[in-house]
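As structure tokens, the structure follows; a few thoughts come after it.
Bear in mind that the values in this text are calculations on the coordinates, not laboratory data. Quick caveat: nothing in here was measured; it's all calculated off a predicted structure. As a convention, Cβ positions derive from the backbone with ideal geometry for all residues, glycine included, and neighbour counts pool all protein chains shown.
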Amino acid sequence: MKNTFNLIIIIFTLFSANLFADHYPKPTQRMVPLVLDCRSPGMVALTFDDGPSENFETVLGTLKNHDIKATFFLLGHKLEKQHHIDRALKAISDGHQIENHSWDHEDFLKLSDAEIHTQVDNTNLILWETLGVTPRFFRPPHGRIDVPSAMPIWDLGYGVALWNLDPQDYKSSWSWGPQQVFQEIEDALDGASPAEDSFVILLHDASPTSIEKLDDIILTIKSHGYSLVTLDECADTGSH
Ligand SMILES: [Zn+2]
């Protein structure tokens, strides 16, 4: 009888740890379900995905030289390595925003609700345990998301952050390099107005093309009359 009672206690403890434990603090900001551009015109949010990479410090140095803040969507599994944790901590101390880009870059359109939940939850947990960060947004790998696959993310209380300008810095071929990436951004800015438009730009800190042109990209964004902001500023500031 006593053994049975103990067994019940053990089972209850195991289940309650899984079901009820708050592993990490939840975001306190207003939930913005979907971000494609900014709430106010004249803003540009630079976002860097898939990091931290070997180029991370170079990107941080360039951002610091221009005194601007960006947003990094990190992969959870990378934070199992101390040198990646150190890189991310440096980004935080420089004032950049850290967000969730899944555990290991699976295609979310091919995952079950439970797998989506695990990908988002485990990444939130390691962001909290290693960096003390509570993310607010989730960016699906490759931007692959639809309403059914977004539901588990919204249920957890996180917004889905996509972009409205992709210069395709992940492409690398004889016909697509740093100049083409820069030109994509320049063309978008030339065809828009800071009085009416805003941009969330998709970049990757591992991309040599983005790294090579990051100075020029920042300079042309500024010279077109936009201010460079974090995703929080982009999603919150303004009234429409
Ligand atoms: Zn990615």
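General observations
- Residues within region 52-86 that are in contact with a helix residue (DSSP H, G or I) (Cβ under 7 Å, 6 or more places away or on another chain) and within 16 Å of the ligand (Cβ to nearest atom), tallied: 12
- Identity of the residue in region 128-149, in contact (Cβ under 8 Å) with a residue 60 or more places away in the chain and closer than 27 Å to Phe199 by Cβ, that ends up farthest from the ligand (Cβ to nearest atom): Thr134
- Checking Ser193 against (1) more than 16 Å from the ligand (Cβ to nearest atom); (2) within 20 Å of Asp50 (Cβ to Cβ); (3) hydroxyl-bearing (Ser, Thr, Tyr), the condition it does not meet: (2)
- Flag for Leu46 being outside any strand (DSSP E or B) and not basic (Lys, Arg): no
- The number of residues in region 162-194 being part of a loop (DSSP other than H, G, I, E, B) and in contact with a strand residue (DSSP E or B) (Cβ under 9 Å, 6 or more places away or on another chain) comes to 10.
- Close pairs (7 angstrom Cβ cut-off, 6 or more residues apart or separate chains): surrounded by 23 or more Cβ atoms within 10 Å (Cβ to Cβ) in region 27-50, basic (Lys, Arg) anywhere: Asp49/Arg139
- In region 223-232 there is no residue that is under 21 Å from Leu75 (Cβ atoms), assigned to a strand (DSSP E or B) and aliphatic (A, V, I, L, M).
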